[in-house]
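Data block below; observations after.
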Amino acid sequence: MDKKYEPLFSPYTLPNGVEIRNRFVLAPLTHISSNDDGTIADVELPYMEKRSKDVGISISAASNVTDIGKAFPGQPSVAHDSDIPGLKRLAQAMKKNGAKALVQIHHGGAQALDNLTPNGDVVAPSPITLKSFGQQQEHDAREITPEEIEKTIKAFGEATRRVIEAGFDGVEIHGANHYLIHQFVSRHYNRRNDEWADPYKYPLAVVDEVVNTVKQYGNKDFIIGYRFSPEDAEADGIKMEQTKELLGYLSDKPLDYLHASLFTIHSETREGKYQGQERIRLIHEWIGGKVPLIGIGSIFNADEALSAFETGVEFIALGRELLLEPRFVEKIKEGRTDEIISYFDSKREDKHELPPNLWEQFNKGFYPLPKKGEH
């Protein structure tokens, strides 16, 4: 291994005392490959095992905590005890080679798909009409009632209990990417005039529910992370100033890491007081070392991984690149960085070792990816 990459392979001890073997994280990525009922499909197991093999932390695809929170076709479920047997198999596959295996617990809120939810019922903090994953037509989301809000908070706790029973090492609370928790934080979605108008009340209630569930059913080694989106494109959405406030609350909770959802690791703040400053460096500064930070965003080769790490983050997550190149970490470790595949090649016989549904999405250009000769 080239000496300059050695820091990426240094161990790190989380706030709960668990040691992570290196600084690489498999990002939670929608793979649209679970069974229609949300149980784990056979095709997921080798896919996740290969991509978990060399990382320190491996996070599963966003997994819905209630049936009305389902936001993707082929989304895994943690909403029922009947999901546990399949989750046990997934945990074994992800943990097989030494990674810490986590489930990302998720509720789509307004982004849930009406064709996948019971009776086409979609809920949001306030009524809204929008398009979601792959939709050609808009769908309506109604305002979630206070009683339903309480039930969804409990659902995150119940999902955590199932994850513990299945033998995983932790959960990541999905508070990013315009899903339900994010929606409560953003005025674009949350125009309520009751107690839940407070943008931080819902996310912090979910965190507390998960923490209390772990105290009841888990142990001190169980990892709890939280993913957030720092800045919205919408004029009435989340701004960096608000994210600073949110991080102040989150970093005082007994979390083991925070995970900034960014499309590009070096992206800059759009507007306001911090305009033009790199979001990830601001976030790291605001957290102030209270909990480690995972950074992510368009990392496709070894030098980009190192550049991301040099922003100060404690971990770097790899998303699309680990799907294209399951041996990314191994090739850096073995000094074979010139052999890393950093682009999508539709002509590859092995189809990048992706599940068929996901390969089709890549081939259709559903996700932005470097193509052969472009990167």
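Annotations for the structure displayed:
- Taking (1) in a loop (DSSP other than H, G, I, E, B); (2) touching an Asp or Glu at 6+ places or on another chain (Cβ under 6 Å); (3) open to solvent by less than 10 Å² (accessible area, probe 1.4 Å) in turn, residue 276 satisfies each apart from (3).
- Within the option set 268, 245, 158, being open to solvent by 30 Å² or more (accessible area, probe 1.4 Å) and either hydroxyl-bearing (Ser, Thr, Tyr) or farther than 22 Å from residue 294 by Cβ (or both) holds for one residue only, 158.
Here's the yes/no breakdown for (1) outside any helix (DSSP H, G or I); (2) modelled with pLDDT under 95; (3) closer than 16 Å to residue 50 by Cα:
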position: 283; (1), (2), (3): no, no, no
position: 331; (1), (2), (3): no, no, yes
position: 335; (1), (2), (3): yes, no, no
position: 341; (1), (2), (3): yes, yes, yes
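- Selection within the stretch 154-177 - of a type in the set (Gly, Ala, Ser) and either touching a residue at least 60 places away in the same chain (Cβ under 8 Å) or in a helix (DSSP H, G or I) (or both): 155, 157, 159, 166, 167, 170, 176
- Selection from the stretch 123-137 of residues that are at pLDDT 95 or above and touching a Lys or Arg at 6+ places or on another chain (Cβ under 8 Å): 123, 124, 125, 126, 127
- Residue 209 more than 30 Å from residue 235 (Cβ to Cβ), touching a Gly at 6+ places or on another chain (Cβ under 7 Å) and surrounded by fewer than 23 Cβ atoms within 10 Å (Cβ to Cβ): yes
- Taking the conditions (1) assigned to a loop (DSSP other than H, G, I, E, B); (2) within 23 Å of residue 153 (Cα to Cα); (3) of a type in the set (Asp, Glu) in turn, residue 140 satisfies each one other than (1).
- Test: residue 327 is crowded, with 18+ Cβ neighbours inside 10 Å, at pLDDT 95 or above and among the charged types (D, E, K, R): yes
- Top-ranked residue in the stretch 343-368 [being open to solvent by less than 70 Å² (accessible area, probe 1.4 Å) and at pLDDT below 85; ranked as nearest to residue 74 (Cα to Cα)]: 367
- Only one of 45, 8, 29 that is within 18 Å of the chain's Cα centre (by Cα) and either part of a loop (DSSP other than H, G, I, E, B) or not charged (D, E, K, R) (or both): 29
- Note on the stretch 178-195: among residues that are part of a helix (DSSP H, G or I) and either of a type outside the set (Phe, Trp, Tyr) or open to solvent by 10 Å² or more (accessible area, probe 1.4 Å) (or both), the one that is farthest from residue 244 (Cα to Cα) is 195.
- Filtered residues of the stretch 204-241 (kept if part of a strand (DSSP E or B), closer than 15 Å to residue 15 by Cα and not aliphatic (A, V, I, L, M)): 225, 226
- Residue pairs meeting the criteria (Cβ under 9 Å; at least 6 apart or on separate chains; first under 19 Å from residue 13 (Cα atoms), in the stretch 87-100; second among the aliphatic types (A, V, I, L, M) and in a helix (DSSP H, G or I)): 100/94
- Of the residues examined, residue 309 is not one that is in contact with a Pro (Cβ under 8 Å, 6 or more places away or on another chain), of a type in the set (Phe, Trp, Tyr), within 21 Å of residue 51 (Cβ to Cβ) and open to solvent by less than 20 Å² (accessible area, probe 1.4 Å).
The values are calculated or read from the model by the stated rules, or taken from the named source; none is laboratory data. As the structure is a computational prediction, the values presented were derived from the model and not from experiment. All Cβ positions, glycine included, derive from the backbone under ideal geometry; neighbour counts span all protein chains shown. Quick note on the areas: whole protein, heavy atoms, side chains included, nothing else; ligands and nucleic acids left out. Shrake-Rupley method; radii C 1.70, N 1.55, O 1.52, S 1.80 Å.
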